[in-house]
Amino acid sequence: MRILVTGGTGVVGRHVVLTALARGHEVVAASRGGGSPDPRATGRRVDLGTGDGLAAALDGVDTVIDCAHVQTTNAAKAVRWFTEATTRLTNAAKAAGVRHLVVLSIVGIDRIPLGYYKGKLAQEKVALEGPVPATVVRATQFHEFAGQMLDRMRLGPVHLMPAMRVQPIAAAEVATALVDLAEGPATGRADDIGGPSEEYLPDLARAVLKKRGGRGLLIPLPIPGAAGRAGRAGAGLVPDPSGQRGPSFADWLAH
Ligand SMILES: NC(=O)c1ccc[n+]([C@@H]2O[C@H](COP(=O)([O-])OP(=O)(O)OC[C@H]3O[C@@H](n4cnc5c(N)ncnc54)[C@H](OP(=O)(O)O)[C@@H]3O)[C@@H](O)[C@H]2O)c1
């Protein structure tokens, strides 16, 4: 089948491209940059913020796996971006004859009132109510998330790190789950997935910093208000063992 991966050059999107190729699918990787993580996949320049390049990239596509991300913590901006981008994507996908849309979301977005999470909730709603049969799967933070946060929340030598309970999962495992879902029929909300054990994000970030040979001060940043309380109560975790996928963060980092 021909699969379009939006955000196909991102942390999880590139694993989705590689996994789909390994399963024998024809793959198109869509991003504003237009690159591809593998020469066997076609890279296409697509801007979900404007729709540029979208119709051409969807030509002949059977299934879309949406792994695009917008960098914001502002609720209004996140809701606007995900609503508009997902509406654009579902309408263009319908017009192109796409049969299935698979969307990657985040565990706990309906219980943890963070601005970005409000955007993800809007994205889920548009996808599930849209004109193309859809599957939405929520995953916990990736093993790669600690490194992403180190890069994003740096003030000179100081790294600010949310003091979060996490249950990280390898992005490659999330990619496997997404391709499995893409190969089946649309099922609406799928079961949540997460990693094998609970961790503390600042500890993971320190381990990544050490592995990178980096220096600097890492300061855990408590998340205030209702979002902090919900996170501390475990709203971002996947307690059901059937939703937990290895490897552990320590094994992943070692290899
Ligand atoms: N990171 C986590 O721990 C985590 C956990 C659970 C779920 N998720 C979800 O997984 C998805 C991917 O996250 P990620 O961490 O892999 O993101 P990422 O590494 O930041 O990658 C984002 C991808 O989206 C593309 N993109 C950004 N803006 C775009 C636009 N306007 N039009 C088209 N493509 C665009 C980027 O390429 P260009 O910049 O070249 O456009 C890139 O390929 C997100 O929906 C996120 O909510 C993430």
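Bear in mind that the values in this text are calculations on the coordinates, not laboratory data. These numbers were taken from a predicted model, which means no experiment stands behind them. A quick note on method: Cβ atoms are made from the backbone with ideal geometry, for glycine too, and the neighbour counts reach across all protein chains shown.
Pairwise alpha-carbon distances in the stretch 80-129 exceed 15 Å for 45% of all pairs.
Magnitude of the Cβ-charge dipole of the chain, K/R +1 and D/E -1, about the Cα centre, nearest 20 debye?
For the chain, the charge dipole is close to 780 debye.
Near Gln244, the amide H atoms lying under 5 Å from its own belong to Gly194; only residues 5 or more places off or on other chains count, and H is placed 1.01 Å from N.
Charged side chains reduced to their Cβ positions (Lys and Arg at +1, Asp and Glu at -1) give the stretch 122-255 a dipole of some 760 debye around its Cα centre. Report, to the nearest 10°, how far helix 201-211 tilts away from the longest principal axis of the Cα atoms in the chain, using its own Cα long axis and a range of 0 to 90°. Long axis of 201-211 versus the principal axis of the chain: about 90 degrees. The alpha carbon convex hull volume per residue for the stretch 2-254 rounds to 123 Å³.
Can you tell me which of 233-239, 98-104, 207-213 comes out highest on packing, and rank the rest after it, using the mean Cβ neighbours within 10 Å?
Working: 233-239: 17.9, 98-104: 24.0, 207-213: 13.6.
Descending packing order for the listed peptides: 98-104, 233-239, 207-213.
Using only side-chain charges placed at the Cβ, +1 for Lys and Arg and -1 for Asp and Glu, the dipole size of the stretch 62-105 relative to its Cα centre rounds to 120 debye. Of the residues Pro247, Val208, Thr19, the one whose Cα sits farthest toward the positive end of the charge dipole of the chain, with +1 on the Cβ of Lys and Arg and -1 on the Cβ of Asp and Glu, is Val208.
Straight-line reach from Lys77: taking Cα to Cα under 18 Å and skipping same-chain neighbours fewer than 8 places apart, the aspartates and glutamates in range are Asp47, Asp110, Glu124. Restricting to bridges with both residues inside the stretch 2-254, how much of the DSSP beta-bridge set is antiparallel, in percent to the nearest 5? Percent antiparallel among DSSP bridges in the stretch 2-254 is about 10. Would you work out which of Gly195, Ala235, Val126 lies farthest towards the positive end of the dipole of the chain? Charges go on Cβ: Lys and Arg +1, Asp and Glu -1. It is Ala235. Residues of the stretch 84-127 with an amide N closer than 18 Å to a point placed 7 Å from the Cα of Thr42 along the Cα-to-Cβ direction: 92-100.
Over the stretch 172-238, the hull volume per residue, using the convex hull of the C-alpha atoms, is 124 Å³.
Take each peptide in 84-93, 71-80, count the other Cβ atoms within 10 Å of every residue, and average; sorted highest first, the result is 84-93, 71-80.
Computed over the chain, relative contact order equals 18 percent, with contacts defined as Cα pairs under 8 Å that lie 6+ residues apart. Ranking Leu221, Pro157, Pro37 by Cα position along the charge dipole of the stretch 2-254, where only Lys, Arg, Asp and Glu carry charges on their C-beta atoms, puts Pro157 farthest toward the positive end.
Here r is the Cβ-Cβ distance between Arg229 and Leu253 and R0 is 25 Å; the resulting FRET efficiency, rounded to 0.05, is 0.25. A simple packing score, the average count of other Cβ atoms within 10 Å per residue, orders the peptides 169-175, 113-119 as 169-175, 113-119, with the highest score first. Relative to the longest principal axis of the chain, what angle (0 to 90°, nearest 10) does the C-alpha long axis of helix 115-129 take? In the chain, helix 115-129 runs at an angle near 30 degrees to the longest axis.
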